[in-house]
Structure formats: structure tokens, C-alpha cells
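Asks: This structure is in C-alpha cells; I'll ask about it shortly.
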Amino acid sequence: MARYIDPVCRKCRAQGKKLFLKGERCYTKKCALEKGRGIPGQKQVTLHFSKPSDYKIHLQEKQRVKNMYGVLERQFRKYFEKATRQKEIPTGDKLMETLERRLDNVVFRMGFAPNRRAARQLILHGHVRVNGKKVNVPSFIAKVQDVVEIKESSRQILLIKDSIEADVQVPAWLEVNKESYKGTVVSIPNIPELGLGVNPVLIVELYSK
């Protein structure tokens, strides 16, 4: 599958918003946006732009969410179509819930990796177990009561140890025991309460046109 391999900070600069693709670094002055770097390829001069169209606003929000979670268009569209087939919660919230329950995001949210990209690599290389079994598929959707842990022989990896020692706020839908390198999915993520800073309604409207 195709993967984006260029500097991830370019994505934030293109969107003009932080996507937190580098974890803790995004909260420091090392962030490209904090340094005042503009849109890639654009000269640093004062330009006058017309008001963006509704389509552009909707498209940018979709691109932002895709970039945040590292999902390509085909898979993202499948998540959306699946979300539209359920009626219990709003389609946009269901879409975001599915993205949050991806294993690479769960590993990141539990604090076992500094960002989703690093979490994806840990999973692909077989360092993660779910309910005691190796899972090397980053798109695996975690369920309530699933236990996610770092393989015992992998717990000395510097990246994992540094992530565990960092002061990371774990969301309420997860519980983590840092000493045992284990975490549990205790509930379905409540998207409005997470404060992700995205508007999934714009994505729904874009796909509904």
C-alpha cells in the first residue's frame, strides 16, 4: 500500500493547522508552525486571497482528518460508508470513533509510542499484542475489553521506554498500567468529549454532495 514518506511537517504547513503528527514535538517551539513557516512552495510574502469556497473548506477538513490518522482515501471512504449504515449515533461521530479505535491510534493514545506513525511501525514489526496474540495490522479495530500490550521482549526498546516515561494524558475510554506495559479499552470513545478540534459534519456534507 502507498504511504506518505516525505516530512510530515509539510502536512501541517499545507493545512495551516497542527495535526500533531510528531507527538510531543508539536507542543514545543520546534514545531514548523511555531517557527512561522508557511505553505510549502509558497514565497513568504504578503498575498491577498479571496474567501475559500465551501467545497475547499469541506475538502480541507477531510484531508486534515486523513492526515491526522494516516489513512488513505480508499480506506477512509470505506470507514465512512460503514458509518452511514448505522443509525445509533451521527455518521460523523461514528467515523471518528472508528478512526480512534484503530490499533495504531490506540497504541499512541496509551502512550506506548510518541505518535501514530511510530505506533504503526511498532505494530508492523510485531511488538504489540492484543489479548495475548500478536497483531501486526495497524488498521485492526479494537473492541471494548480488548487488552493491548507491548511484547515482553520489546519493552527495552528506547522509543517505547521514552514514551512510557513521558507525561501523556490518557483519554477516559482507555486504562493504562505503565508498569506492566498494558492497556485496556474500557469503553467506546465519546467523540464530542475528546476535543479533537475537527468538525466531522463537514466530511459528511462533502461525501453527501
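Just so you know, all these numbers are worked out from the coordinates, no wet-lab data involved. In this text the structure is predicted, and so the values were computed from the model without any measurement. We place every Cβ from the backbone using ideal geometry, glycine too, and count neighbours over all the protein chains shown.
Asks: Express in nm, to one decimal, how much length is gained between A166 and E152 on full extension, taking 0.36 nm for each residue of separation and deducting their alpha carbon distance.
Replies: Answer, rounded to one decimal: 3.1 nm.
Asks: Right, something else. Give the aspartates and glutamates whose C-alpha is closer than 18 Å to that of K56, dropping any in the same chain fewer than 8 places away, or say none.
Replies: Qualifying aspartates and glutamates at Cα under 18 Å: E73, E205.
Asks: If packing is taken as the average count of other Cβ atoms within 10 Å, what order do 147-159, 62-74 fall into, highest mean first?
Replies: Ranked from most to least packed, the peptides come out as 62-74, 147-159.
Asks: Could you tell me which of rounded, prolate or oblate describes segment 102-185, using a ≥ b ≥ c as the square roots of the eigenvalues of the alpha-carbon gyration tensor, with rounded for a/c under 1.5 and, failing that, prolate when a/b is larger than b/c and oblate otherwise?
Replies: rounded
Asks: For segment 105-209, please report how many Lys pairs fall under 27 Å Cα to Cα, leaving out neighbours fewer than 8 apart on the same chain.
Replies: Close lysine pairs under the 27 Å cut-off: 19.
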